[in-house]
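Read the structure below first, then the notes.
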Amino acid sequence: MLNAPDGSILAEHAELIGVASATVAEYRALIAGLRRAYQLGLDRVDARSDSRIVVSHLSGERTPTNLKLVALADEILELTMRIGSVTVTWIPSDANGAAHGLVADALAPGGNCS
C-alpha cells in the first residue's frame, strides 16, 4: 500500500506468493511497494514495516545470513538507488491494519489479488 503524504492512497496491491516465511513475505511486500513507487516516479519513500527483522537487516543493524534474504535485500538496495531516498521504519503490528487487511483479502477464498 502506497500513501501520499496527505494519507490518500496512491496504490495498493495484493498477490499470492506461494509458500514462504513471514520474513520473505515482508521483503516481497516491500519490494512490490518500491517497484510501484518507482513506476509512479517517486523520488522519496518513507516505508513502514511491522517486521523488526526486515528493518534491522535493511538498517544494517543485523546482517541476513539466509541467502534468499540476502538476495531480497540486494533487490531492495537496487530499487532504493533507482528511487533516490528510501527509509524503512519499524511500526507495531497493530498500527499496520490496512496492510494486514490486504493480506486477509488475498488469502480469503476467492480473494482479491492479482
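List of remarks:
- For Asn3, residues with placed amide H under 5 Å, excluding near neighbours: Leu10
- Taking amide hydrogens as placed 1.01 Å from N in the peptide plane, the amide H of Asp50 sits under 5 Å from those of Ile91, each at least 5 positions away in sequence or on another chain.
Rule-based calculations on the coordinates, nothing more; no lab input. All values derive from a computational prediction rather than experimental measurement.
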